[in-house]
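Scroll down for the structure; my scribbles are underneath it.
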Amino acid sequence: MNTESVVEFLGNVPLLQRLPSSSLKRIAEVVVFKRYERGDYVVRKNQDVDGVYFLLEGQAQVLRSAGEEDSQQFLLKRFDFFGPGIFGDVYSADVVAVSELTCLLFMSDHRALLETKSVSDSDNQPCLVEHILYLEPLDLNVFRGFTPPNAPTYGKVYGGQLVGQALAAASKTVENMKIVHNLHSYFLLVGEINIPIIFEVIRLRDGNNFATRRVDARQKGKTIFILFASFQRKQQGFIHQESIMPHTPAPEMLLPREEMLERRITDPLLPRDYRNKVAIEINASFPIDIRFCEPNYSTEQTKSPPRLKYWFRAKGKLSDADQALHRCVVAYASDLIFASISLNPHRREGMSVAALSLDHSMWFHRPLRADDWLLFVIVSPIASESRGFATGKMFNRKGELVVSLTQEAVLREAVTIKPSFGAKL
């Protein structure tokens, strides 16, 4: 099999479809052909990792240990792949050939060839999130926002983008000495990513110590999002904190979200359809660095507790120490994974769910830095009447509670999810 044929094969592997042809050619030059007879072990559970296997011809079976809670078996076919598991540098399962089998082994020494670098991944580059939050002034109280081509989207305007941009618009109409201390927002319609968003700020109150703003976000003449925000001049007062930050590994000890997704992609204990979906998802760069505290084998179709903890910060260094900017960035990041955890106890194989944010509230208690690590602790105490409710707390590395949050989302089982411009409900 010549190099050109290997490159053509690799181009059909979901894990590699985000790579340029030059990278595929380099990978084709270093892979090793491995052949197995029916019944041969390709790898054994807890065996040291050699690298990633790509199935060229034949089929293999993933075998779970006797007595494991989930006894589902996975059949691996042409264009499938597997390698290191979620939890470490050993294979997570036995993989056995069920026919004559040919694999291409991509050794771990060359793993750098699988990496794709984004502008937002480097601390030496401008923060992508700042670019997303930029607003063009149209009038004294009117601003225009955009969804840049490299901004994360999910078939619609990301909810955190609406919160962050609306808060940025409100902040531009308040004197610098007053900083947002709470916001309450409502998602009304699905936003379109290909047209601008007009943010109109209504000045509801300007007092000596407090100011209140309302922001209406519009597309095509329709209001798609509303935000109310209160701003306060810095004042001295009583201080106490009952909330205690849970013990978690330091963020430097945890894998970045992108690397965790990479490990999920190659883990043979996860369903092939799920891994292929993750392989597509990882192509979209998110401008926030996320480190999950408790990696596990849960997928969108397996049950898990309605809670989550993760560290996050903006990728790169924010250009200004101004609290207005840092709080807008935290508002942007806060909607990525929130009320959707209400679905965790109800997930099952084959289930498709529509989860859409209804409202989002935040209280800022202390100064913070969005480009330094913050711990986001989320709990969903209840889901009822097609709605999931979640509460969140954000702590800085000192254990100080800096932000409290709530969110409610509509949760409905659906056959297909096709976002369209119009009412959510």
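Before moving on, here are some points about what is shown:
- Failed item, numbered, when Ser243 is tested on (1) surrounded by 15 or more Cβ atoms within 10 Å (Cβ to Cβ); (2) among the small types (Gly, Ala, Ser); (3) part of a loop (DSSP other than H, G, I, E, B): (1)
- When residues in the stretch 227-237 are screened for being surrounded by fewer than 18 Cβ atoms within 10 Å (Cβ to Cβ), assigned to a strand (DSSP E or B) and not charged (D, E, K, R), 1 of them pass.
- Considering (1) within 16 Å of Gly164 (Cβ to Cβ); (2) in the same structural domain as Phe187 (by TED's automatic domain parsing), the lone condition that Ile382 does not fulfil carries the number (1).
- Test for Leu183: is it touching a strand residue (DSSP E or B) at 6+ places or on another chain (Cβ under 6 Å), crowded, with 18+ Cβ neighbours inside 10 Å and under 16 Å from Gln232 (Cα atoms): yes
- Total residues in the stretch 372-386, condition among the hydroxyl-bearing types (Ser, Thr, Tyr) and surrounded by fewer than 20 Cβ atoms within 10 Å (Cβ to Cβ): 2
- Strands (runs of 3 or more DSSP E) enclosed by the stretch 273-381 - at least 3 residues per element that are within 30 Å of Met177 (Cα to Cα) and in contact with a strand residue (DSSP E or B) (Cβ under 6 Å, 6 or more places away or on another chain): 307-314, 353-364
- When Pro287 is tested against (1) in contact with a Phe, Trp or Tyr (Cβ under 6 Å, 6 or more places away or on another chain); (2) of a type outside the set (S, T, N, Q); (3) not assigned by TED's automatic domain parsing to the domain that holds Ala409, exactly one condition is not met: (1).
- Pairing each residue of the stretch 328-355 that is assigned by TED's automatic domain parsing to the domain that holds Phe312 and within 28 Å of Glu130 (Cβ to Cβ) with any residue that is assigned to a loop (DSSP other than H, G, I, E, B) and small (Gly, Ala, Ser), provided the two are 6+ apart or on different chains, yields C-beta distances under 8 Å for Val329/Ala370; Val330/Ala370; Ala333/Ala370.
- If the condition is being in contact (Cβ under 8 Å) with a residue 24 or more places away in the chain and either over 14 Å from Leu56 (Cα atoms) or assigned to a loop (DSSP other than H, G, I, E, B) (or both), then the stretch 2-14 contributes Asn12, Val13.
- Pairs are defined by a Cβ separation below 8 Å, a sequence spacing of at least 6 or placement on different chains, a first member in the stretch 357-378 that is farther than 17 Å from Gly399 by Cα, and a second member that is in a loop (DSSP other than H, G, I, E, B); the pairs so defined are Ser357/Asp335; Ser357/Phe338; Leu358/Lys424; His360/Ser334; His360/Asp335; His360/Phe338; Met362/Ser334.
- Taken over the stretch 72-92, residues that are more than 17 Å from Glu262 (Cα to Cα) and among the hydrophobic types (A, V, I, L, M, F, W, C) amount to 3.
- Test for Ala339: is it touching a Gly at 6+ places or on another chain (Cβ under 8 Å), modelled with pLDDT under 95, of a type outside the set (S, T, N, Q) and surrounded by 16 or more Cβ atoms within 10 Å (Cβ to Cβ): yes
- Scanning the stretch 356-371 for residues that are touching a helix residue (DSSP H, G or I) at 6+ places or on another chain (Cβ under 9 Å) and either surrounded by fewer than 16 Cβ atoms within 10 Å (Cβ to Cβ) or outside the structural domain of Phe395 (by TED's automatic domain parsing) (or both) yields one hit, Pro367.
- Within the stretch 390-425, tally of residues that are farther than 20 Å from Arg348 by Cα and either modelled with pLDDT under 95 or in contact with a Cys (Cβ under 7 Å, 6 or more places away or on another chain) (or both): 8
- Matching residues in the stretch 1-39 - criterion: being surrounded by 14 or more Cβ atoms within 10 Å (Cβ to Cβ), at pLDDT 90 or above and in contact with a strand residue (DSSP E or B) (Cβ under 6 Å, 6 or more places away or on another chain): Val31, Lys34, Tyr36
The values are calculated or read from the model by the stated rules, or taken from the named source; none is laboratory data. Predicted model, so just to flag it, every value in this text is computed and none were measured. Cβ: placed from backbone, ideal geometry, glycine included. Neighbour counts: every protein chain shown.
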